[in-house]
Amino acid sequence: MSGNIAFGLGLKTNSGNNDVVDNFFLADGSVTKNPVDQSIQLGDGVVGVIFQLQGYRKIVGGTFGHVYGWISNMARRAEATSPDTCS
């Protein structure tokens, strides 16, 4: 059986801007400013630690197993806003 495994450790800084707003066009033709969705915010305002585990292994024949890593924020909740949280 063949395969490999790699471990990594990193630091995510609170750089970027977590309160970016943009124009939202409503069905009635009006325009309102709201925060963009957190998935495209330029940051989340939180320091975090990146733990990474990555690897694969041939199990049998042409079957392989694969694992991948994760990230952990040091704050309980990121401060990035989303249009869903606006009033």
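The numbers here are math on the coordinates, done by the rules we state, and not lab data. The model shown is predicted, which means the values in this text are computed figures rather than measured ones. Cβ sites come from the backbone with ideal geometry, for glycine too, and all protein chains shown count toward neighbours.
Enumerate the amide H contacts of VAL36 below 5 Å, restricted to partners 5 or more residues apart or on another chain; note that Pro and chain-start residues carry no placed amide H.
The answer is VAL20, VAL21, ASP22.
Can you tell me the FRET efficiency between SER15 and GLN54 if r is taken as the Cβ-Cβ distance and R0 is 30 Å, rounded to the nearest 0.05? Don't skip to the end; give the middle numbers.
On the way: r = 25 Å, r/R0 = 0.82.
It comes out at approximately 0.75.
Which whole-Hz ³J(HN,Hα) couplings does segment 7-16 yield from phi under the Karplus relation 6.51 cos²θ - 1.76 cosθ + 1.60, θ = phi - 60°, glycine and proline marked x?
10, x, 9, x, 10, 9, 8, 8, 7, x
Contour minus end-to-end for SER2 and TYR68, with contour as 0.36 nm per residue of separation and end-to-end as the Cα-Cα distance? Intermediate values should be presented prior to the final figure.
Working: separation 66, 0.36 × 66 = 23.76 nm, distance 1.74 nm.
This chain segment gains 22.0 nm when fully extended.
Quick one: compute a quarter of the convex hull surface over the Cα atoms of segment 3-80 and quote it in nm². Before the final figure, lay out the partial values.
Working: hull surface 34.1 nm².
Mean projected area of the Cα convex hull: 8.5 nm².
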